[in-house]
Amino acid sequence: MSDMGSPALIHQPPGKEQAIVAFDFDGTLTVRDSFTGFLRWRAGGRGWLKGLARLTPDVAAYVADRDRGRLKAASVREFLKGVPRDRLEADAEAFAGQVWPRFMRHDALACWHDWGRRGAFRVIVTASPDITVAPFARRLGAEALLGTPLVFDSGDRVTGAFAGPNCRGEEKVRRLRAAFGDDMLLTAAYGDTTGDTEMLAMADEAGFRRFKG
């Protein structure tokens, strides 16, 4: 039986009166896309170029249909299929440790830590796989992480599929409500692309490419 990953990584639920604040990850807390960076780092220069060449038909399909989830799934199959979970976790941890100083946005971190000092429940909501973002979330002291979970086979290896829809757009709202209840109140949300629009719209305070604690 396959393991469809964890639908949410939450240390403990928010308190009754605790403010919930949501942050997109890639391009919001970071200066660039973390998953692409991770795949390139892990594959190495030659492996990355060979993999991109094999993905040419998928890139061409994306130009036509703009389906980010399909292109991301193709990238997972190309670069990660068959990788054991423990190896992937170790690689993700090594990547995060190596790139952290130059990868994180200082203005975003200031806002993140300000909410932490105020006792907010901070959740990262990202389209990237939760397993590759988890090391960053731990370093940040995130109270929760909602991402796009990978599917693992009976041998605990990456199958190349996702356990659900790409976590962007309306899916971010659905995942937040699934984790914290349909009547949840989002005090603030931060993002940087149209994939964050719906999440920002449900927050009392929205920061689009800007940060205000």
*When you go through P101, P129, P135 one by one, which is the residue that is under 25 Å from E171 (Cα atoms) and either out of contact with any strand residue (DSSP E or B) (no Cβ under 9 Å at 6 or more places or on another chain) or surrounded by fewer than 19 Cβ atoms within 10 Å (Cβ to Cβ) (or both)?*
P135
*asked:* Every residue in the range 53-94 that is aliphatic (A, V, I, L, M) and at pLDDT below 95, please.
replied: L55, V59, A60, A61, V63, A64, L71, A73, A74
*asked:* On the basis of being among the aliphatic types (A, V, I, L, M) and either buried (at least 22 other Cβ atoms within 10 Å of the Cβ) or in contact with a strand residue (DSSP E or B) (Cβ under 8 Å, 6 or more places away or on another chain) (or both), does L185 make the cut?
replied: yes
*Tell me which of these W115 doesn't satisfy, since it passes every other one: (1) in a helix (DSSP H, G or I); (2) under 16 Å from P149 (Cα atoms); (3) more than 18 Å from the chain's Cα centre (by Cα).*
(2)
_Looking only at the range 188-213, filter to residues that are open to solvent by 40 Å² or more (accessible area, probe 1.4 Å) and of a type in the set (D, E, K, R); which one of those is farthest from D67 (Cα to Cα)?_
K212
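The values are calculated or read from the model by the stated rules, or taken from the named source; none is laboratory data. Keep in mind that what you see is a predicted model, and the values were worked out from it rather than measured. For neighbour counting, all protein chains shown are included, and Cβ atoms are generated from backbone atoms with ideal geometry for every residue, glycine included. What goes into the accessible areas is simple: the full protein's heavy atoms, side chains included, and nothing from ligands, DNA or RNA. Shrake-Rupley method; radii C 1.70, N 1.55, O 1.52, S 1.80 Å.
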